[in-house]
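Everything below concerns the one structure shown next.
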Amino acid sequence: MFRILQITIFMLLSSVVFAQSAQNVSRDQIRGLDEQIQDVKKDVIGLTSELDQLEEKLLFPSNTQVSFFVSLADASAFNLESVEVKLDNKVVAHHLYTFREIEALQKGGVQKIFTGNLQAGSHPLQVSFIGKSESGSERRANASYQVDKAVGPKFVEIKIAGAESAINFKDW
Amino acid sequence: MRFRQVSALFGAAPSSLRVLAAVLGLLPGALMATAPAEHTLPSEHNLKDLFYGEAMFQAYQHNYFDAIVELDTELEQYHHLDEPERDPFTAHLGQAEFGVGDLELSYRMHREAGRAIEAVLKGDVPQPVRNEAAYRLAKIQYHKQQPRNALHALEMIHGRVPERVRPQEQFLRAQVYMELGRFAEAVAILDDLKGDKSLDGFVEYNLGIALLKSGEEERGVVELTALGKRSSSDAAQQALYDKTNLLLGYYLMDAGQLELARPYFDRVHLEGPFSNRALLGAGWVEARAGRYDRALVPWKMLQARQGTNEAVQEAMLAVPYAYGKLDVHSTAAINYGRALDAFGREIDTLNSSIKSIREGKFLEALRRKEADQVQNWVVALRQLPGAPETHYLLDLMASNDYQEFLRNYHDLNDLYERNESWLDSLKSYENLIDLRRAYYEPLLPDLDHKFRQLDARIKVRIEQRDKFAARIDQMLVSRRPEYLAKAEEQRALLSLKQMHAQLTPASSDSTRQRIARLAGVLNWRLATEYDQRLTDAYKHLQELNKEIEALQAVYQSYVRSRQAATQSYVGYNETIHRLRAQLQNTQGRLKTLMARQGNMLETLAVNELDRRRAQLESYQIKARFALADSYDRANELQEQREDQRKIEKHKASEGEPLPQDNPPELEAPDSQEGGEQ
């Protein structure tokens with residue numbers, strides 16, 4: 001009986017070894033594929049950059065372009081929940097923030113919240129936000145600004161100071 | 001003899017050794033704990049350029065593709081500026097150039113990242129920047145499993161490395177030395193690095209391994225023991241401590257130090273990723289020491305866990321084996337029976353999983369939107385109907401190569417979808433352009449006509465202005481009152497001139513005097529009012545200038561509007577056609593690469609499932625034989641017990657006094673015998 005078991009075990013072990021050898025995908029195969037993937041990524045990055053520029057030229061020409069950017073005034077643990085932007089008394093952007101977005105803002109990232117077209121002249125801009133302070137208390141504020149649009153593109157930074165429940169604007 | 005046979009049947013010892021080998025790391029890459037990637041993109045609160053901030057917003061969210069595209073575009077535009085040093089982006093240039101390299105590395109574009117960093121190394125940059133670049137290049141080489149090249153890059157570092165990457169650079173150097181088998185040098189570096197907060201735990205782990213490998217086993221065990229005794233609420237940190245304890249437990253068990261090994265297994269947290277292997281190890285330590293009753297405690301706990309786990313499946317055989325050793329063969333037989341049932345079910349699951357993968361459901365699930373939104377999607381996708389049982393693939397998925405394949409597959413799918421969306425957008429753009437052309441083209445002739453009229457008006461005004469300006473300039477040099485005469489005065493002057501010309505010798509003196517007096521009055525007025533009139537004329541010239549400026553503003557506005565109108569639909573077709581062709585070509589390449597990468601993922605997954613199925617089938621056979629053996633032994637034992645019982649009964653019956661007299665029925669009556677005769 002023990003002899004039969006030994007033969008069975010030997011056969012089983014052989015089959016396992018075979019299965020393991022079949023598992024190996026060659027390193028050259030992996031490297032070759034990886035390099036081709038890197039090439040295609042590079043090409044798509046270049047292509048996307050060109051397409052982005054085409055889109056901007058076509059949809060938001062520089063003479064009418066206006067963009068609003070949201071940033072946090074400091075790296076405090078203020079959790080921004082939502083921001084609403086009204087331009088010419090119309091809501092043009094309303095954004096609810098994900099955890100990753102909040103983290104990115106806290107690290108100093110700047111979110112482009114709206115890009116559109118605007119005729120030259122003065123336009124009222126109203127911004128409101130809701131968020132939570134580190135202690136969990138709700139913070140909210142709203143503020144107004146006048147966007148003076150000239151011939152060139154216009155960029156306005158909306159800087160949110162959560163701790164002070166304040167909003168500051170900066171023309172770029 | 002029996003012990004050896006059963007051990008071989010269960011494959012217990014080889015399995016333990018396999019785990020030990022994996023943990024101790026026969027493969028150098030597997031033996032080291034890699035520290036979490038440092039945040040090479042520093043937080044940015046002193047922003048000088050909005051678009052750099054926007055790229056960072058994407059980068060901080062790990063949206064590497066978007067971040068690279070934005071930074072690349074910014075850098076390209078910056079380098080094409082006439083005076084780039086005046087652009088606010090200059091303040092972030094260095095960070096941006098390094099940032100692109102880092103992002104490319106995170107986006108698994110090692111070659112591009114390497115090129116970008118090599119460009120920095122070749123450039124005229126200060127030594128600290130060069131050192132940081134060399135460190136980053138070394139990191140890429142190390143990541144590509146080229147430790148010699150990584151060391152070569154590290155050797156380019158001279159002098160001080162920037163403080164924020166110094167510990168990482170030293171840690172990388174130690175890892176490279178370990179990969180190259182230069183453990184003593186790694187130990188020296190890691191000894192110095194002890195206490196660094198950013199690498200807490202990882203330094204100690206690698207130091208312990210380096211010491212074990214360099215022959216300083218005693219010190220290595222001490223280092224690892226100290227690390228393993230730590231506790232953390234952070235799951236990743238705790239996993240490192242558990243891994244350390246598991247490694248030491250198996251290391252000591254393999255060295256035959258069974259009494260020392262057990263506490264290490266006990267220290268591993270029961271909820272952690274290493275708990276199953278720790279429970280298995282704890283059981284084997286006891287079993288090897290012959291304490292099968294104590295081995296049953298961790299094994300029975302393990303037996304009740306997730307049935308797809310390799311350690312759990314091994315425990316399903318180990319439990320009845322221990323019962324067998326304790327001569328409780330009936331319980332052993334029951335447990336073997338349960339194990340056989342479980343293995344049968346799992347083999348069915350594996351078969352359907354392999355079928356599901358071959359039908360493409362695995363890749364289909366990987367391509368779903370949830371893949372980006374649900375954490376550990378590759379594990380969670382098992383819940384989809386018809387999807388493979390991914391619990392069997394956890395170990396495979398945890399490997400670096402498989403992770404890279406999975407991410408690459410995701411990236412390719414993401415790029416494919418982005419390009420599809422661009423192709424749709426291009427269609428919309430063409431429609432938009434057609435609409436704009438249809439709207440503007442009929443309007444333009446009329447507008448152009450009005451524009452020509454305006455142009456003519458402007459030209460007239462400009463001529464007038466130029467004439468007046470020239471006269472005023474002249475008058476500033478030489479006095480010319482007649483230039484400032486009003487229309488009626490000019491007419492009067494002309495009439496007087498004509499009258500004067502018509503005078504004849506016969507004309508009276510009073511007429512001559514009258515004409516002269518009138519001319520005198522006019523000249524007097526022009527002469528006395530000259531300064532005022534010159535000032536007024538200058539003011540009028542200013543007003544004319546303003547009028548011309550207003551006309552020119554209208555003109556410029558018209559030019560811009562016309563330009564904007566034409567630019568909104570002219571000159572795009574060629575670009576769109578070219579981009580569409582490029583996109584379509586790229587889509588073809590992406591499809592091919594996705595198919596190849598997908599095939600590799602499927603092949604590896606199927607191979608892994610095949611391996612597990614083969615293992616379960618071997619377990620099944622072992623269990624069947626062991627079950628039969630248990631029955632035999634149980635029967636044998638039962639027979640022995642029965643025999644024993646009979647003997648005891650017999651012995652018990654021997655104690656009674658034997659009957660001395662025959663029972664009456666056996667007594668032969670003498671009279672009857674005689675009578676018959």
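The values are calculated or read from the model by the stated rules, or taken from the named source; none is laboratory data. These numbers come from a predicted model, not from an experiment. Reconstructed Cβ throughout: ideal geometry from the backbone, glycine too, with neighbour counts over all protein chains shown.
The single condition among (1) surrounded by fewer than 21 Cβ atoms within 10 Å (Cβ to Cβ); (2) assigned to a helix (DSSP H, G or I); (3) among the basic types (Lys, Arg) that B:Arg108 does not meet is (2). Among the conditions (1) closer than 28 Å to B:Glu163 by Cα; (2) in a helix (DSSP H, G or I), the only one that B:Ser232 does not satisfy is (2). Figure legend. Inter-residue proximity from region B:58-77: first residues over 15 Å from B:Leu415 (Cβ atoms), second residues surrounded by 22 or more Cβ atoms within 10 Å (Cβ to Cβ) and hydroxyl-bearing (Ser, Thr, Tyr), beta-carbon distance below 6 Å, spacing 6+ or different chains. No pairs are indicated. In region A:71-93, is there at least one residue being part of a loop (DSSP other than H, G, I, E, B), acidic (Asp, Glu) and out of contact with any His (no Cβ under 6 Å at 6 or more places or on another chain)? Yes, region A:71-93 has at least one match. One residue stands out among those in region A:105-137 that are farther than 23 Å from A:Glu81 by Cβ and of a type in the set (S, T, N, Q): the one that is modelled with the lowest pLDDT, which is A:Gln119. Annotation: A:Ser49 fulfils all but one of (1) at pLDDT below 50; (2) facing another protein chain (nearest Cβ under 7 Å); the unmet one is (1). Has region A:112-126 got at least one residue that is more than 18 Å from the chain's Cα centre (by Cα) and within 18 Å of A:Lys159 (Cβ to Cβ)? Yes, the conditions are met somewhere in region A:112-126.
Being surrounded by 14 or more Cβ atoms within 10 Å (Cβ to Cβ), in a helix (DSSP H, G or I), in contact (Cβ under 8 Å) with a residue 60 or more places away in the chain and among the hydrophobic types (A, V, I, L, M, F, W, C) narrows it down to one residue among B:Leu394, B:Leu406; which is it?
Details: B:Leu394 fails: in contact (Cβ under 8 Å) with a residue 60 or more places away in the chain.
After applying the criteria, what remains is B:Leu406.
Among the residues making up region A:119-155, those that are touching a residue at least 60 places away in the same chain (Cβ under 8 Å) and surrounded by 12 or more Cβ atoms within 10 Å (Cβ to Cβ) are A:Arg139, A:Val147, A:Lys149, A:Val151, A:Pro153, A:Lys154, A:Phe155.
Quick check on my filter: what residues within region A:78-105 are hydrophobic (A, V, I, L, M, F, W, C) and either under 11 Å from A:Ile160 (Cβ atoms) or surrounded by fewer than 13 Cβ atoms within 10 Å (Cβ to Cβ) (or both)? It would help to see each step written out before you state the result.
Of region A:78-105, the ones hydrophobic (A, V, I, L, M, F, W, C) are A:78, A:80, A:83, A:85, A:87, A:91-93, A:96, A:99, A:102, A:104-105.
Across region A:78-105, the qualifying residues are A:Phe78, A:Leu80, A:Val83, A:Val91, A:Leu96, A:Phe99, A:Leu105.
Only one entry in A:Phe68, A:Phe60 is more than 9 Å from chain B (Cβ to nearest Cβ) and buried (at least 18 other Cβ atoms within 10 Å of the Cβ), namely A:Phe68.
Please state which one of A:Phe78, A:Phe99, A:Phe129, A:Phe114 is within 13 Å of chain B (Cβ to nearest Cβ) and more than 19 Å from B:His62 (Cβ to Cβ). Spell out the reasoning first.
Working: A:Phe78 fails: within 13 Å of chain B (Cβ to nearest Cβ); A:Phe99 fails: more than 19 Å from B:His62 (Cβ to Cβ); A:Phe129 fails: within 13 Å of chain B (Cβ to nearest Cβ).
Step by step, each of A:Phe78, A:Phe99, A:Phe129, A:Phe114 is checked, and only A:Phe114 is within 13 Å of chain B (Cβ to nearest Cβ) and more than 19 Å from B:His62 (Cβ to Cβ).
Comparison of B:Tyr631, B:Tyr572 shows that the only residue that is more than 9 Å from every other protein chain (Cβ to nearest Cβ), in contact (Cβ under 8 Å) with a residue 24 or more places away in the chain and among the aromatic types (Phe, Trp, Tyr) is B:Tyr631. A search for C-beta distances below 6 Å between a residue of region B:342-360 that is closer than 15 Å to B:Lys622 by Cβ and any residue that is in a helix (DSSP H, G or I) and aromatic (Phe, Trp, Tyr), counting only pairs 6+ apart in sequence or on different chains, returns B:Phe343/B:Tyr619. Looking at this structure, is B:Tyr439 in a helix (DSSP H, G or I), modelled with pLDDT of 90 or more and surrounded by fewer than 17 Cβ atoms within 10 Å (Cβ to Cβ)? When the stated conditions are applied, B:Tyr439 passes them. Of everything listed in (1) among the β-branched types (Val, Ile, Thr); (2) in contact (Cβ under 8 Å) with a residue 24 or more places away in the chain; (3) within 9 Å of chain A (Cβ to nearest Cβ), the single unmet condition for B:Ile621 is (2). Elements of the type helices (runs of 4 or more DSSP H) sitting completely within region B:239-340 and holding at least 3 residues that are in contact with a Pro (Cβ under 9 Å, 6 or more places away or on another chain): these cover B:275-288.
Can we say A:Gly108 is part of a loop (DSSP other than H, G, I, E, B) and surrounded by 13 or more Cβ atoms within 10 Å (Cβ to Cβ)? Reasoning before the result, please.
On the way: part of a loop (DSSP other than H, G, I, E, B): yes; surrounded by 13 or more Cβ atoms within 10 Å (Cβ to Cβ): yes.
It is true that A:Gly108 is part of a loop (DSSP other than H, G, I, E, B) and surrounded by 13 or more Cβ atoms within 10 Å (Cβ to Cβ).
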